[in-house]
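Before I ask anything, here is the structure I am working with.
The values are calculated or read from the model by the stated rules, or taken from the named source; none is laboratory data. On a predicted model such as this, the values are computed, not experimentally measured, just so you know. Here Cβ is always computed from backbone atoms with ideal geometry, including for glycine, and neighbour counts include all displayed protein chains.
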Amino acid sequence: MIGLLLRLLVAAFGLWLAAALVPGIEVQGLWTLLGAALLLGIVNAVVRPLLVILTLPITLLTLGLFLLVVNAAMLGLVAWMFDNFTISGFWPAVLGSIVVSLTGWLASYFIGPRGRVEVIVLRHRR
């Protein structure tokens, strides 16, 4: 349960960072941010795999770059479902999805597969 909450907070932080860095993305309110993070996780777990399979030929032709469009579409779908979460166009959605993805990727370096924070301590012998 703590792993789910930790990942939710990481996704919310990624959305907040995207709203702070990318012009054209606005998130108003903490509850909107947390709800959008939760919905983004659900959409990425349910809708995104279906869309990735359906767009596999175009993804192969673009050497995987079309996945940026798929990620932007998932972010746009979440923004469409919330009144206080707006994305003003395609490029802000692409840049925002990159920010959210990089935030999650960096956090997954510290969060283990069970959702626990893992710290590795290296000790050098002399």
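For region 48-96, which positions are outside any helix (DSSP H, G or I), among the small types (Gly, Ala, Ser) and more than 12 Å from Gly24 (Cα to Cα)? Can you show your working first?
We begin by selecting, within region 48-96, every residue outside any helix (DSSP H, G or I); these are 55, 62-65, 82-89.
Now drop any that are not among the small types (Gly, Ala, Ser), which leaves 64, 88-89.
Once the filter is applied, which keeps residues that are outside any helix (DSSP H, G or I), among the small types (Gly, Ala, Ser) and more than 12 Å from Gly24 (Cα to Cα), region 48-96 yields only Gly64.
Looking at region 102-112, which of the residues that are surrounded by 13 or more Cβ atoms within 10 Å (Cβ to Cβ) and either aliphatic (A, V, I, L, M) or in contact with a Leu (Cβ under 9 Å, 6 or more places away or on another chain) (or both) is nearest to Ala37 (Cα to Cα)? Outline the logic, then answer.
Taking region 102-112 and keeping what is surrounded by 13 or more Cβ atoms within 10 Å (Cβ to Cβ), we get 102-104, 107, 110-111.
Checking the rest, the ones that are also either aliphatic (A, V, I, L, M) or in contact with a Leu (Cβ under 9 Å, 6 or more places away or on another chain) (or both) come to 102-103, 107, 111.
On the way: Leu102: 15, Thr103: 13, Ala107: 15, Ile111: 17 Å.
It comes out as Thr103.
Let me ask something else about it. Given the criterion modelled with pLDDT of 95 or more and not acidic (Asp, Glu), identify the matching residue among Leu30, Leu54. Steps first, please.
Numbers: Leu30 fails: modelled with pLDDT of 95 or more.
Testing whether each residue is modelled with pLDDT of 95 or more and not acidic (Asp, Glu) leaves just Leu54.
Another one. Looking at region 6-16, is at least one residue in a helix (DSSP H, G or I), at pLDDT 95 or above and surrounded by fewer than 15 Cβ atoms within 10 Å (Cβ to Cβ)?
Within region 6-16, not a single residue is in a helix (DSSP H, G or I), at pLDDT 95 or above and surrounded by fewer than 15 Cβ atoms within 10 Å (Cβ to Cβ).
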